[in-house]
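These notes concern the structure reproduced below.
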Amino acid sequence: MDGSTSPPAQLDQLDEFKTLFDHLSSILSLQMREQFANDKNRFKQYSLQAAGLNLDYSKNRINQTTIKLLCKLACARDLPKAIQAMFNGEHINKSENRPALHTALRNYSGESILVDGKDVMPGVQNTLNRMKEFCWSIRSQQWRGFSNKPFTDVVSIGIGGSYLGPRLASQSLKPYWSKQINCHYLANIDGSDLTEVLQGLNPETTLFIVQSKSFNTQETLKNASACREWFLHNGGSQADLARHFSAVTANVAKAKEFGIAGQNIFPMWDWVGGRYSLWSAIGLPLMLTIGYEHFREMLLGAYEMDCHFKTAPLEQNMPVLMGLLGIWYVSFFNAQSHAVLPYDHYLQGLPAHIQQLDMESNGKSVDIYGRTLNYQAGPIIWGGVGSNGQHAYHQLLHQGTQFAPCDFIMPLTSHNPVDHFHALLASNCFSQSQALMQGKSLQQAQAELKEQGKSEEEINIIAPQKEIPGNIPSNTLYFDKSTPKAVGALIALYEHKVFVQGQIWGVNSFDQWGVELGKQLGDKVHECLLAESCMGEKMGFDDSTSGLIKAFRAMQDKL
Ligand code: F6P
């Protein structure tokens, strides 16, 4: 924003926001079970298809007026223009003055995309071709280890977006893994993670990929160094590093300094955020395990979702509707969290990926003009695989004081059909959203207990504990099968949902300054933990940090 123009009104100052607040009271008095009773067409009316995905958003606290008012709010925040700006490579990441162009990595339109006047597509395509050749040479066993054995294991060393995205996609697409290559993900600066990953690996047949956009992340560099030492102490030589170590980074110089051969370094661009980088060479471990063709299908699924997002009218736009519904609950119903509940064993890592995608993007409290937000934004994302969650946290969803909207995710067919298991899994998924919506009245609970022959006294004690308020909203995303295409479309859907919310809340969804302080303070604490004598007081630590440092050092002295 230059000095001449004043920033636009904040979201809660807009007439469209105020109109929605007025509308809220009419919605709060509505019971979804009554809306379903009065409208036999509700499922069809609030269903949407895009990029092979189906969205049932009928179990939401909405009516047609709600959708219209939410879309008006989106227009008041220039959402259509913002969507085009993102795809066109404008510098929408204001604080870092760069584009957010992860969509270019899956751009199958054949059109060029200019960043600062330069077409980025040749570089994207060239990197994809290099990835394809790299994976082919390893999977065809042409590229072998230092003792001329084919590779059997790849260790992907990275954290955050250099870990969660590829690990999720890899886990989600396990049915497509080649039997030849095992994929391991090493992220944490916990010796147990390193030890567990290296356990049983053969340095002769292990390939390491150091995944780090900055090539400056403490955990990743420490783990990469430890893996290099392990390799050199178990038969590998300096000369062999070129065969066994590669890197994906925007900082090629630092990767070479680490000792990785130039031809094994794959570029990342500064206009791809870490949590949006699965589609880049960060996806290399995934491509190694599922092959180029399946990786390409995943890109295509994401591309189809991009096309939908770019062209569909707001009221028929899946990422827009999911984003607006999330804003309806967070900024108007004051929801603190949102649950992502995949009813698919292979998609169990999806909540963790969406946690970073959503919370590192929109977990902010000032807008792009530096103004403190006067409204709730950025929910806590949590969740886990169904039906397991029903035996863990669904109690809170059904009867807790927290208001937690849910996304249920259900492939309609399984990679592993066993008896009627998939029908049972689906019945759990569908009935959970049904129960959240319709609940159980006190009268129903009382009648049930009477039917069971309970005494009056027992009914008076138990019935109130069995009442379930209901009216908890949920979306159900369903699709034929967890294929590479479906997984690509699903992840792109959530990327765009997060973008929609960030644009409307007015935050920058593509920077993450909040993580810097912890890293800075960590260096000082680390220095004190290892110093000859504890300098806690001298380094100005608070009493708690000093106390914790002393406790750690005391334990170390005992070892
Ligand atoms: O958590 C901060 C962060 O920068 C993430 O945004 C990123 O995905 C992660 O650390 C790893 O960063 P890099 O890929 O640069 O090692």
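The values are calculated or read from the model by the stated rules, or taken from the named source; none is laboratory data. Everything numeric in this text was worked out from a predicted model, so none of it was measured. Glycine gets a Cβ as well: all are built from the backbone with ideal geometry, and neighbour counts include every protein chain shown. For accessibility, only protein heavy atoms count, side chains too; no ligands or nucleic acids. Shrake-Rupley method; radii C 1.70, N 1.55, O 1.52, S 1.80 Å.
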Q) If you scan the range 145-161, which residues turn out to be within 16 Å of Ala226 (Cβ to Cβ) and of a type in the set (A, V, I, L, M)? A) Val155, Ile157, Ile159
**Q.** the range 254-272, subset of a type in the set (Gly, Ala, Ser) and part of a loop (DSSP other than H, G, I, E, B), residue most open to solvent (accessible area, probe 1.4 Å)
**A.** Gly259
Q. Does Val487 qualify as being assigned to a helix (DSSP H, G or I) and surrounded by fewer than 19 Cβ atoms within 10 Å (Cβ to Cβ)?
A. no
**Q.** Hits in the range 4-60 - residues which are free of Cβ contacts under 8 Å to residues at least 40 places away in the same chain, part of a helix (DSSP H, G or I), of a type in the set (D, E, K, R) and open to solvent by less than 50 Å² (accessible area, probe 1.4 Å)
**A.** Arg42
Q. Residues in the range 301-336 that are closer than 13 Å to Ala404 by Cα and open to solvent by 20 Å² or more (accessible area, probe 1.4 Å): how many?
A. 3
Q | Odd one out for Tyr276, checked against (1) surrounded by fewer than 23 Cβ atoms within 10 Å (Cβ to Cβ); (2) within 13 Å of the ligand (Cβ to nearest atom); (3) under 24 Å from the mean Cα position of the chain (by Cα) | A | (1)
Q: Could you grab me the full set of residues in the range 410-427 that are in a helix (DSSP H, G or I), surrounded by 17 or more Cβ atoms within 10 Å (Cβ to Cβ) and not aliphatic (A, V, I, L, M)?
A: His422
Q | Where Cys135 falls short, out of the listed (1) part of a helix (DSSP H, G or I); (2) in contact (Cβ under 8 Å) with a residue 60 or more places away in the chain; (3) of a type outside the set (Lys, Arg); (4) within 30 Å of Val366 (Cα to Cα) | A | (4)
Q) Restricting attention to the range 164-183, does a residue exist that is open to solvent by 50 Å² or more (accessible area, probe 1.4 Å), within 16 Å of the ligand (Cβ to nearest atom) and not in a helix (DSSP H, G or I)? A) no
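Let's see how each residue does on (1) charged (D, E, K, R); (2) without any contact (Cβ under 8 Å) to a residue 12 or more places away in the chain; (3) within 16 Å of the ligand (Cβ to nearest atom); (4) touching a Phe, Trp or Tyr at 6+ places or on another chain (Cβ under 6 Å):
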{"position": "Gly326", "(1), (2), (3), (4)": "no, no, no, no"}
{"position": "Asn334", "(1), (2), (3), (4)": "no, no, no, no"}
{"position": "Asp367", "(1), (2), (3), (4)": "yes, no, no, no"}
{"position": "Gly386", "(1), (2), (3), (4)": "no, no, no, yes"}
{"position": "His391", "(1), (2), (3), (4)": "no, yes, no, no"}
{"position": "Pro405", "(1), (2), (3), (4)": "no, no, no, yes"}
{"position": "Ser431", "(1), (2), (3), (4)": "no, yes, no, no"}
{"position": "Met437", "(1), (2), (3), (4)": "no, no, no, no"}
Q. Identify, please: which residue in the range 67-89 is more than 14 Å from Val320 (Cβ to Cβ) and not hydrophobic (A, V, I, L, M, F, W, C) and is, among those, least open to solvent (accessible area, probe 1.4 Å)?
A. Gly89
Q: Can you work out which of the residues in the range 200-222 that are within 28 Å of the chain's Cα centre (by Cα) and open to solvent by less than 10 Å² (accessible area, probe 1.4 Å) is nearest to the ligand (Cβ to nearest atom)?
A: Ser212
(Q) Report every pair of residues separated by at least 6 positions or lying on different chains whose Cβ atoms are under 8 Å apart, first residue within the range 514-535 and acidic (Asp, Glu), second surrounded by 10 or more Cβ atoms within 10 Å (Cβ to Cβ). (A) Glu527/Met539
